[in-house]
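To start, the structure under review is shown below, and the notes come after it.
Just so it is clear, none of the values below were taken in a lab; they were calculated from the coordinates. Bear in mind the structure is a predicted one, so any value in this text is a computation, not a measurement. Glycine also receives a Cβ, built like all others from the backbone with ideal geometry; neighbour counts cover every protein chain displayed.
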């Protein structure tokens, strides 16, 4: 069985989409559907046909392309059970600890409430990849719109326990702003200082800063490094007010 191929592409103003493809089975999944046109262009660029959409949460910039894509490709749409009433066109829903098969691999579902109450992340343990939606960002985490700080800290703590080599794909290119803020929290973190310079170079060249990894985030992400929910809440509030 061929290894899965991952293809990241920009869409909307600062979102990323990712296609996941198995050459042997022909299966191709879009992680969320931020923009149908962008997903279709990515499919055309790779010569793939969409068979699945894996939805992390209900926000419009992750779901607005679902209807058009499903109409065109008759793809199978998987999403969070806890947000089934908020996401149209779901075919199958899953909760924390569930698993399903895609492209010859088992995909583990991790519930990560906080940004939204029903957010799920998709972990591909064989490929050592996780799709974190708007829960964990490079050097950041999602704003807490529906949950609370304890909930988000618990969600981030789940992700922090994944194998350090796990590659992390997330929903947005927020890394430059996250780096600038992070340096106000941990100015003496040399790994962060080095990474911030690398990020500035990448962005000046119009290049993505993603994907990242669990190991890199454990070294440099001040939200993951908070240590407890109280400190996390303090840092999250500071970022919200920055």
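For region 165-242, the C-alpha radius of gyration divided by 2.2 N^0.38 Å, with N the number of residues, is 1.08. When the scattering of region 11-139 is computed by the Debye formula from its Cα atoms alone, each counted once and equally, what is log10 I(q)/I(0) at q = 0.12, 0.17, 0.18 Å⁻¹? At q = 0.12, 0.17, 0.18 Å⁻¹ the computed log10 ratios are -0.39, -0.83, -0.95.
Round to the nearest 10 and give me the degree value, 0 to 90, for the angle of helix 175-185's Cα axis relative to the longest principal axis of the chain. Helix 175-185 sits roughly 30 degrees off the main axis of the chain. Calculated mean residue ellipticity at 222 nm for the chain: -9500 deg cm²/dmol, from DSSP H runs with n ≥ 4 weighted as -39500 (n - 2.57), summed, divided by the residue count and rounded to 500. Of the three principal axes defined by the Cα atoms of region 42-108, the extents in descending order read 33, 29, 18 Å. Seen from all directions on average, region 88-146 presents a Cα convex hull projection of 4.8 nm².
Helix 229-240 sits at what angle to the longest principal axis of the chain, using alpha carbons and giving 0 to 90 degrees rounded to 10? Helix 229-240 sits at roughly 80 degrees to that axis. For region 5-173, what relative contact order do you get, as a whole percent, if you take Cα pairs closer than 8 Å and at least 6 residues apart? Relative contact order for region 5-173 comes out at 17 percent. The tail of the calculated P(r) for the chain beyond 23 Å holds 47 percent of all Cα-Cα pairs. Residues 21, 57, arranged from fewest to most other Cβ atoms within 10 angstrom of their Cβ, appear as 21, 57. Compared with the dominant principal axis of the Cα atoms in the chain, helix 36-46 is inclined by about 80°.
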